[in-house]
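Here the structure is laid out as structure tokens; the discussion comes afterwards.
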Amino acid sequence: YDVVLYSEFADRASLDAYQEHPQHVALKPFIGAVREARQCMDYEI
């Protein structure tokens, strides 16, 4: 993969809030245009 969006969050509520954050939403068209495949990995430490 050549494009990666790596994020860390303090808790699950922060991750949930980020899903609709304007800067995150603004990146979606770009990521959709440059990706050939998608992998999403969420995990808690």
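The values are calculated or read from the model by the stated rules, or taken from the named source; none is laboratory data. Everything quoted here is computed from the prediction, not taken from an experiment. Backbone-built Cβ (ideal geometry, glycine too); neighbour counts: all protein chains shown. Accessible surface is based on the protein model in full, side chains and every heavy atom, while ligands, DNA and RNA are left aside. Shrake-Rupley method; radii C 1.70, N 1.55, O 1.52, S 1.80 Å.
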Helix 22-34: angle to the longest alpha-carbon principal axis of the chain, degrees 0 to 90, nearest 10?
-> 30 degrees
What does the charge dipole of the chain about its Cα centre add up to, to the nearest 20 debye, if the Cβ of each Lys and Arg holds +1 and the Cβ of each Asp and Glu holds -1?
-> 220 debye
Once phi is turned into θ = phi - 60°, what whole-Hz ³J(HN,Hα) does the Karplus curve with 6.51, -1.76 and 1.60 give for every residue of the stretch 35-42, x standing for Gly and Pro?
-> 9, 9, 8, 9, 10, 10, 10, 10
According to the Kirkwood expression over distinct Cα-Cα pairs, how big is the hydrodynamic radius of the chain, in Å?
-> 11.9 Å
Expressed in nm to one decimal, what extension gain is obtained for the pair residue 9 and residue 31 from 0.36 nm per residue of sequence separation less their Cα-Cα distance?
-> 5.9 nm
In the chain, what percent of the accessible surface is made up of carbon and sulfur (1.4 Å probe, ligands and nucleic acids excluded)?
-> 53 percent
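Please give me the summed charge of the neighbours of residue 34: other residues whose Cβ is under 13 Å from its Cβ, Lys and Arg +1, Asp and Glu -1. Show your work: numbers first, answer last.
Values: positive: 28, 35, 38; negative: 2, 36.
Surrounding charge for residue 34 is +1.
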Selection from 34, 5, 19, by position along the positive dipole direction of the chain (Cβ) = 34
